[in-house]
Amino acid sequence: MKSVYVDADACPVKTEILAIADRTEANFYIVSNRGFRTGDRANVKNVLVSDKFDAADDWIAERVKPGDIVVTGDIPLAKRAIEAGAKALGHGGREFTEAGIGMAMAMRDLMSDLRAMGEVSGGGPAFSKRDRESFIRELERMLRA
């Protein structure tokens, strides 16, 4: 059975994930250092980790297996998931792939450097209704595959 690991601390689609969990038999692990209300769902586990840097990422990476799905906005965690044979899905519904993860890492590093030099400020575009819909569609597709 597939498992879905959610890097939940900054995840804007937790509500959508719980709704999908209600419609599937997959196991869902909502991993964070704060804890979230997940209701009384037998297939959803609320995993509380320490507030140590990357504790949620490490917990997920140590457990994910081929065929599982990792939901994250964290590109290094997506890379670790892909290396473990799992699928990685961004909050906006974009699947991170083996072919594209190197470029995603390079862009992440470039933007970090530009922000550090003061050349760029702020983050990306605001999270939209279209992003939310794309996420739902893609996660449901991955679960059916």
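The values are calculated or read from the model by the stated rules, or taken from the named source; none is laboratory data. Remember, it's a predicted structure, so these values are computed and weren't measured experimentally. Please note: Cβ atoms are built from the backbone with ideal geometry, for glycine as well, and neighbour counts cover all protein chains shown.
The residue that is surrounded by the fewest Cβ atoms within 10 Å (Cβ to Cβ), among those in region 24-37 that are out of contact with any Lys or Arg (no Cβ under 6 Å at 6 or more places or on another chain) and either among the acidic types (Asp, Glu) or touching a residue at least 40 places away in the same chain (Cβ under 8 Å) (or both), is 25. Flag not set for residue 65, criterion: touching a helix residue (DSSP H, G or I) at 6+ places or on another chain (Cβ under 7 Å) and under 19 Å from residue 144 (Cβ atoms).
Filtering region 107-139 to residues that are exposed (fewer than 14 other Cβ atoms within 10 Å of the Cβ) and at pLDDT 80 or above leaves 126, 128, 129, 130, 133, 137. Out of 63, 23, 94, 34, one residue alone is of a type in the set (Lys, Arg) and within 16 Å of residue 9 (Cβ to Cβ). It is 34. Consider only pairs whose beta carbons are under 9 Å apart and that are at least six residues apart or on different chains; among these, list those whose first residue lies in region 1-16 and is under 9 Å from residue 28 (Cα atoms) and of a type in the set (Gly, Ala, Ser) and whose second residue is at pLDDT 95 or above and surrounded by fewer than 19 Cβ atoms within 10 Å (Cβ to Cβ). Pairs found: 3/26; 3/27; 3/63; 3/65; 3/67. You will find that of 82, 75, the residue that is surrounded by fewer than 21 Cβ atoms within 10 Å (Cβ to Cβ), in contact with a Lys or Arg (Cβ under 6 Å, 6 or more places away or on another chain) and among the β-branched types (Val, Ile, Thr) is 75 and no other.
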